[in-house]
1. Starting at the first residue of region 223-235, write each ³J(HN,Hα) from the Karplus equation 6.51 cos²θ - 1.76 cosθ + 1.60 with θ = phi - 60°, in whole Hz, x for Gly and Pro.
2. Could you state the number of Å between the C-alpha centres of region 142-190 and region 5-63?
3. Kindly provide the helix-only [θ] at 222 nm of the chain, computed as the sum of -39,500 (n - 2.57) over DSSP H runs of four or more divided by all residues, to the nearest 500 deg cm²/dmol?
4. In whole Å, how far is the Cα centre of region 115-135 from that of region 213-276?
5. Have a look at Thr203, Tyr76, Phe281 and report the one farthest towards the positive end of the charge dipole of the chain, computed about the Cα centre with Cβ charges (Lys/Arg +1, Asp/Glu -1).
6. Please work out how much length the chain gains when fully extended from Glu62 to Ser197, using 0.36 nm per residue of separation minus the C-alpha to C-alpha distance, in nm with one decimal.
7. More than 15 Å apart: what percent of Cα pairs in region 233-290 qualify?
8. Cα gyration tensor of region 120-234, axes a ≥ b ≥ c as square roots of the eigenvalues: rounded (a/c below 1.5), prolate (a/b > b/c) or oblate?
Amino acid sequence: MQYFRDRIVELHFFVISMYFEPQYSSARIMLTKFYTVETITDDTFDRYASISEAECLANSLERWAPDKDMDTQPDYLKFVFKLILDVFKDFEGQVGSEGRSYSVKGTIEEFRRLVKSNLDLAKWAQIAHVPSFEDYMEVGEVEITMYATMAGTLIGMGHIATKEAYEWLKSRPKLIQSLSVNGRLMNDMAGFEDDMSRGYVTTGVNCYMKQYGVTKSEAFKKLHQMRVDNDKIVNEELLTTKDVPKRVLKEAINCARMTSVAYGYGEGLTHPEGKIKDYIFSLYIDLIRL
């Protein structure tokens, strides 16, 4: 499908930032597949599908079975739906025998929430709707994939990914919420010019500018301060959270680091040329000088 971003190498690079240790080799393969599904889903809702097609896909994923209208949909949409189901079926085959089917179930739940947020943003973008900043962030902090990515990351981590870890994630802890908000703001600030140039006005920066009548520069300054304030919450939560293993908290921070690399120099996944390309060459290609 030509509209999919061909980013397997970039996605694996980001997977390495989650866990590089030898014992997580299988987990890295699983997470690369999950990142691929997330990316294809985002591209489908954000840049390609009509609203009726997006609704059909979202309804099918909510039911985890084909919508009544799926048979009449374009082949690409059927392919996307089947791909998603096949990937999760593969995950179930790998961890079900270990008694950890709950990890797949928990990830599916988060993925459904992600899909709903994709659809909500697609509907807003279709009519060039600029909601209040608060309404946008309520949807946008889910759409940035932090919750779903955390769930997908844990699937391959064996005994560390306990039922309690998934319940903790489901409870919307302040740590993940703060990291999600920061990720959303970084993404929107990095991609603001590109989004506006293609007529995509439903972004956090634009919502803030419209609601408060401020310039882009003023909005950036305010959103940056929000990120600083959220960093303080993150530090506090890292010190006080006792409900899950420290390794789970480490994965949350690794996810935030990945986001910082992805959006620290622009929209790194959409436009990997430059810093991301340099990092990839450094990690995979360039020889280590002794």
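Derivation of every value follows stated rules applied to the coordinates shown; laboratory data play no part. On a predicted model such as this, the values are computed, not experimentally measured, just so you know. All Cβ positions, glycine included, derive from the backbone under ideal geometry; neighbour counts span all protein chains shown.
1. Couplings: 5, 5, 5, 4, 5, 4, 5, 5, 4, 5, 5, 4, 4 Hz.
2. First find each Cα centre; the distance between them is then 15 Å.
3. Result for the chain: -22500 deg cm²/dmol, rounded to the nearest 500.
4. Taking the Cα centre of region 213-276 as reference, the centre of region 115-135 is 22 Å away.
5. The Cα lying farthest towards the positive end belongs to Phe281.
6. Stretched fully, the Glu62-Ser197 segment lengthens by 45.3 nm.
7. The share of Cα pairs beyond 15 Å in region 233-290 comes to 62 percent.
8. In terms of gyration-tensor shape, prolate.
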